[in-house]
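Here is the structure we will look at.
Each value in this text was obtained by applying a stated rule to the coordinates, not by laboratory testing. Being a predicted model, the structure only gives us computed values, none of them experimental. Note that each Cβ is placed from the backbone with ideal geometry, even for glycine, and that neighbours are counted across all protein chains shown.
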């Protein structure tokens with residue numbers, strides 16, 4: 001779909017049936033890009049995601065001396081060819097990473113491997129996202145790192161590795177802090193232990209994704225207990241790596257199928273996905289009888305999807321364990337409550353850090369046309385688009401923000417027969 005300031009969705013009033021190929025996983029693509037950049041030799045990453053977030057990572061690696069080539073086949077599938085030299089060079093100017101959280105966190109830790117100063121910055125939204133626990137951990141490892149009131153921009157004085165051999169980190173806000181340290185730790189000259197300061201960790205399953213990617217690139221990392229990992233100084237070796245489809249993107253298609261009584265073939269079974277958000281499929285399958293309480297702590301990116309689905313549920317749904325959603329691309333708890341309430345007053349509300357969605361199978365009959373603010377957040381745009389599959393007059397503002405992780409989202413909806421009117 002051509003660039004537009006807004007798009008209005010016409011409910012299809014029929015089952016959505018067809019085949020859609022989800023994009024490659026953003027989480028896995030950005031892990032694989034960094035590991036390939038740190039490896040020696042040429043890595044070929046197939047099935048990868050080409051999006052704003054992965055584009056920022058690829059460009060940052062180029063700026064740090066790593067050749068990265070992006071190819072697309074006739075079907076639009078993306079392959080990255082990364083020619084690593086086993087090290088990163090100091091860039092000649094600050095790295096701009098937009099609002100790509102994975103790129104910011106992963107590269108902040110990787111900057112410790114550089115001999116020199118690295119400045120990492122992003123857009124206005126990124127400058128509000130917390131990174132203090134990671135910069136504090138780098139300091140404890142002997143690497144000088146300075147953030148700005150706990151957020152980017154960040155300045156790292158790289159020393160070619162970690163002078164210390166262990167660190168304890170608070171990962172309550174984000175598992176990405178742990179993943180960032182683990183990936184960088186393999187490139188030093190001594191074993192490094194990374195431990196959690198408490199039991200809380202946001203979306204632990206993403207650490208498992210990190211460990212699997214590290215091992216694919218030759219790392220030796222041992223999980224000593226539930227909150228402690230030991231990484232050997234093996235470095236990384238180049239490899240051919242296949243990126244699986246994005247489970248977070250798949251949630252919108254699974255939900256669209258349920259909302260319309262359709263059958264959308266994604267070409268991949270949820271059980272074959274290793275990403276935490278794949279667990280959302282089992283919850284979505286229970287619609288219109290979703291659980292009374294949904295713990296979103298381990299499938300955080302799926303919560304907006306589930307909240308949109310809950311608007312049409314037979315009974316109210318309370319989402320718990322989602323405080324971390326307040327520090328994503330936007331405050332997603334507040335955003336979903338506000339935008340669902342825009343569709344019909346009283347439809348959703350915040351209670352502390354919980355989100356309560358009242359649920360009404362007949363919502364379409366009582367809802368009103370609504371212009372949905374997206375807060376420059378791709379997940380708010382795509383989740384609220386699901387509401388438009390049943391409710392007439394839903395207009396999504398700044399629809400282009402979906403390019404962050406799912407550039408073809410609107411094209412895929414249109415391909416299933418959904419009428420979209422650009423404004």
- Item | segment 26-242: C-alpha gyration tensor shape, a/c 1.5 cut-off, then a/b vs b/c | rounded
- Query: Going by a ≥ b ≥ c, the root eigenvalues of the Cα gyration tensor, does segment 335-423 fall in the rounded group (a/c under 1.5), the prolate group (a/b larger than b/c) or the oblate group?
  - Reply: oblate
- Query: Expressed as a rounded percentage, what relative contact order does the chain have, with Cα pairs under 8 Å and six or more residues apart?
  - Reply: 20
- Message: Between (i) 21.2, 65; (ii) 23.6, 79; (iii) 23.4, 75, which entry matches Rg and Dmax of the Cα atoms in Å as derived from the coordinates of this structure?
- Response: (i)
- Angle between the Cα long axis of helix 26-38 and the longest principal axis of the chain, 0 to 90 degrees, nearest 10? 10
- Query: Going by how many other Cβ atoms sit within 10 Å of their own, how do 127, 421 line up, fewest first?
  - Reply: 421, 127
- Compute the semi-axes of the equivalent ellipsoid of segment 94-222, taking the square root of 5 times each eigenvalue of the Cα gyration tensor, and list them largest first in whole Å. 21, 17, 14
- Message: Per 0.36 nm of contour for each residue apart, how much would the distance between residue 421 and residue 265 grow if the chain were fully extended, relative to their Cα-Cα spacing?
- Response: 53.7 nm
- Taking neighbour Cβ counts within 10 Å as the exposure measure, how do 135, 234, 78, 251 sort from fewest upward? 234, 78, 135, 251
- Under the rule of -39500 (n - 2.57) per DSSP H run of 4 or more residues, summed and divided by the residues of the chain, what mean residue ellipticity at 222 nm is obtained, to the nearest 500 deg cm²/dmol? -8500 deg cm²/dmol
- Item | Global form of segment 225-339, assessed from the alpha-carbon gyration tensor, a/c cut-off 1.5 | oblate
- By how many degrees, between 0 and 90 and to the nearest 10, does the Cα long axis of helix 205-216 differ from the longest principal axis of the chain? 50
- Query: In what sequence do 390, 69 fall when counting other Cβ within 10 Å, fewest first?
  - Reply: 69, 390
- Query: How much length is gained if the chain between residue 350 and residue 19 is pulled fully straight, taking 0.36 nm per residue apart and subtracting their Cα-Cα distance, in nm to one decimal?
  - Reply: 115.5 nm
- Item | Point-to-point label distance, residue 242-residue 226, nm (Cα→Cβ direction, 7 Å offset) | 3.4
